[in-house]
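Taking it in order: structure first as structure tokens, then the write-up.
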């Protein structure tokens, strides 16, 4: 006897599994490493250095922020901007930066950058856990 599973409670689960299996090969093929993006040596810092958040600007440049003090051995306290190939954008200067970890970052439509996290000052100015930075310069 043949049962039509479309009228059972398992039909939805079957469809989800079928869609996952059908799309998996394309994910595996497209998930390879992009060798044109080379963040070497990348972030530097003390103990638990980490990128906590990433944001993209409309020009394709990448904002990274978190708990680090340098990018590719250049001082970038907790925030940096990268070109599309992961090279440091030296025109973006964060100055002394945030005095604590930046946990979230958002690029506004006007290009200004909102940051939030565990900090109380940015470039020596009071910024209780929230600051807005200019797109061209951070201070």
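Coordinate-derived values only; no laboratory data. Remember, it's a predicted structure, so these values are computed and weren't measured experimentally. All Cβ positions, even for glycine, are placed from backbone atoms using ideal geometry, and neighbour counts span all protein chains on display.
Kindly state, to the nearest 0.05, the FRET efficiency for residue 130 paired with residue 38, given R0 = 41 Å and r defined as their beta-carbon distance.
Numbers: r = 33 Å, r/R0 = 0.80.
Taking R0 as 41 Å, the efficiency between residue 130 and residue 38 is 0.80.
Take peptides 118-125, 65-72 and line them up by average Cβ neighbours within 10 Å, highest first, as a rough protection proxy. Walk me through the numbers before you get to the answer.
On the way: 118-125: 15.2, 65-72: 20.8.
Per-residue Cβ counts within 10 Å, averaged per peptide and sorted highest first, yield 65-72, 118-125.
Under 1.5 on a/c is rounded, so check that first for segment 43-133, then, if it is not, pick prolate when a/b is larger than b/c and oblate when it is not; a ≥ b ≥ c are the square roots of the alpha carbon gyration tensor eigenvalues.
Details: a/c = 1.62, a/b = 1.09, b/c = 1.49.
It comes out oblate by the Cα gyration axes.
Just want the ordering: 84, 74, from fewest to most Cβ atoms lying within 10 Å of their own Cβ. Present the calculation step by step, with values, prior to reporting the outcome.
On the way: 84 13, 74 10.
Least crowded to most crowded, the residues run 74, 84.
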